[in-house]
Amino acid sequence: MFSIFILNNDIIGKTVDANNCKKNNCTAFLNVNRSSENKTLTKQNIRKNRFWFGGFASCVAGFATHPIELIKVHLQTQQVVKIGIIGAIVNVYKLDGMFGFYSGITGNLFRQATSAATRFTLYDLLKKKIDGEKDMHFWVKALCAAVSGAIGGFFGTPADKTCVRMMNDAKLPHKERRNYKHVFDSLYRMVKEEGFLSLLKGWELASTRASFLTVGQAAFYDQIKISLLETEFFHDNLLTFFVGSFIAAGVATLLTQPVDTIKIRIMNSEPGVFKGYLDCFLYTLKLGPLALYKGLIPAFIRIAPYTILIFIISEELRVNFGEVVE
């Protein structure tokens, strides 16, 4: 147990318990007196997230990692394994050049603005609502993340579906493409050609995947960060943000990959190809015991920088522009 002495324009001379600082996901710039057994912290700005930080960070991260997401989708939508990562990259470049790697970017940004923004905003709101004055156990964080992810996944299903279709177009010959102009054109055409309910096709898997993803990203990141801060080697800074988000990305990849593979196959399929999720699951298993983890490496390569960027950006926003805790 230690206390934080605050010196800034907003709060002068107040003492805040360190446990409350961790509980509120606060930030502190640490000046460590290594001659003392306890950490003495001075000149602190204790801040917490604003509701839009997670959504904004997700959009930036989604844009930066879109080419990796595109290659992952190409690998996962193969009916039979024909090409690997290098082959998929070469194929996209041959068909459309460098711009081909950003096929479907409007769908991806729309997905980040709907699904990801909802996931992270609800997660923070639920934590604040449930936590009260008590320390939050990991299972409570995981539950908040699972619920937030499921809701965000549902609302993001239309954008998720159009994003997958637009990205998959980049691997097809021009005459076989759907040729959506942008995300709103794809939404309009899906409603016109397949019916309104086609927008929600695969929402169960989208919600399930988003639920696992949010647990792996948000809940595990929070817990890992707390564990790191309890050691003498880490403080509330960029290194801690990086290490915590890197580990969380690995957990999120393992949790989501099987669901992600089934989800992408169903979303990209024509009506009637699969009878349901179980049919798609069994069909995928017939392709090999590791078919559910097809694209695992590019999935991690995509999720890792995506997750790292989300938390570094949102944490830096919190440090500099977060709501001051009094």
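The values are calculated or read from the model by the stated rules, or taken from the named source; none is laboratory data. Remember, predicted model here, so these are calculated numbers, not experimental data. Cβ sites come from the backbone with ideal geometry, for glycine too, and all protein chains shown count toward neighbours.
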### Query
Of the residues in segment 238-273, how many are of a type outside the set (A, V, I, L, M, F, W, C), touching a residue at least 24 places away in the same chain (Cβ under 8 Å) and surrounded by fewer than 15 Cβ atoms within 10 Å (Cβ to Cβ)?
1
### Task
Answer yes if at least one residue in segment 272-281 is of a type in the set (A, V, I, L, M) and more than 27 Å from Lys48 (Cβ to Cβ), and no otherwise.
yes
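Suppose we keep only residues that are among the β-branched types (Val, Ile, Thr) and modelled with pLDDT of 95 or more within segment 141-182. Which one would you say is farthest from Lys128 (Cα to Cα)?
So, considering only residues that are among the β-branched types (Val, Ile, Thr) and modelled with pLDDT of 95 or more, the one farthest from Lys128 (Cα to Cα) is Ile151.
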### Summary
Met98 passes all but one of the listed conditions (1) in a helix (DSSP H, G or I); (2) buried (at least 16 other Cβ atoms within 10 Å of the Cβ); (3) aliphatic (A, V, I, L, M); the exception is number (2)
### Summary
Residue hits (segment 101-120; small (Gly, Ala, Ser), buried (at least 22 other Cβ atoms within 10 Å of the Cβ) and within 23 Å of Asp169 (Cα to Cα)) are Ser103, Gly104, Gly107, Ser115
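Quick one: which residue in Arg34, Arg50 is surrounded by fewer than 17 Cβ atoms within 10 Å (Cβ to Cβ) and at pLDDT below 65?
Arg34
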### Summary
Going through segment 59-89 in order, the residues found to be under 15 Å from Lys294 (Cα atoms) and in a loop (DSSP other than H, G, I, E, B) are Thr77, Gln78, Gln79, Val80, Val81, Lys82, Ile83, Gly84
### Message
Looking at the structure I just gave you, is Pro258 modelled with pLDDT of 85 or more and part of a helix (DSSP H, G or I)?
### Response
yes
### Query
Looking at segment 261-279, which of its residues are closer than 27 Å to Ala304 by Cα and modelled with pLDDT of 85 or more?
Thr261, Ile262
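How many of the residues making up segment 121-178 are under 30 Å from Leu95 (Cα atoms), surrounded by fewer than 16 Cβ atoms within 10 Å (Cβ to Cβ) and either touching a strand residue (DSSP E or B) at 6+ places or on another chain (Cβ under 7 Å) or among the hydrophobic types (A, V, I, L, M, F, W, C) (or both)?
Matching residues across segment 121-178 total 1.
Being part of a helix (DSSP H, G or I) and free of Cβ contacts under 8 Å to residues at least 24 places away in the same chain is the filter; apply it to segment 282-315 and report the residue that is nearest to the chain's Cα centre (by Cα).
Thr284
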